[in-house]
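These notes concern the structure reproduced below.
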């Protein structure tokens, strides 16, 4: 089993993360620019790994730019 973490965003790239190879650097740029980040926020293994990456970036993800969308809302 493999999980890939992919950062997607608008073509305008407001956080300037295109081409950044280190996820923690990309997350830091997202936070520093207040660009919207959507998290699973569901305490899954994937979400826990995301939180590890934020910790590595030395960023506490919170505020209006950080959106948690727990899977409980999904119709499946």
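If you go through the stretch 25-35 one residue at a time, do you hit one that is surrounded by fewer than 15 Cβ atoms within 10 Å (Cβ to Cβ), part of a loop (DSSP other than H, G, I, E, B) and either in contact (Cβ under 8 Å) with a residue 12 or more places away in the chain or more than 9 Å from the chain's Cα centre (by Cα) (or both)?
For the stretch 25-35, residues surrounded by fewer than 15 Cβ atoms within 10 Å (Cβ to Cβ), part of a loop (DSSP other than H, G, I, E, B) and either in contact (Cβ under 8 Å) with a residue 12 or more places away in the chain or more than 9 Å from the chain's Cα centre (by Cα) (or both): present.
Checking residue 59 against (1) over 12 Å from the mean Cα position of the chain (by Cα); (2) surrounded by 14 or more Cβ atoms within 10 Å (Cβ to Cβ): exactly one of these is not met. Which one?
Among (1) over 12 Å from the mean Cα position of the chain (by Cα); (2) surrounded by 14 or more Cβ atoms within 10 Å (Cβ to Cβ), the lone unmet condition for residue 59 is (1).
Taken together, the values in this text are just the output of simple stated rules run on the coordinates, not laboratory data. The structure displayed is predicted, hence computed values, not measured ones. Neighbour counts run over all protein chains shown; Cβ positions are idealised from the backbone, glycine included.
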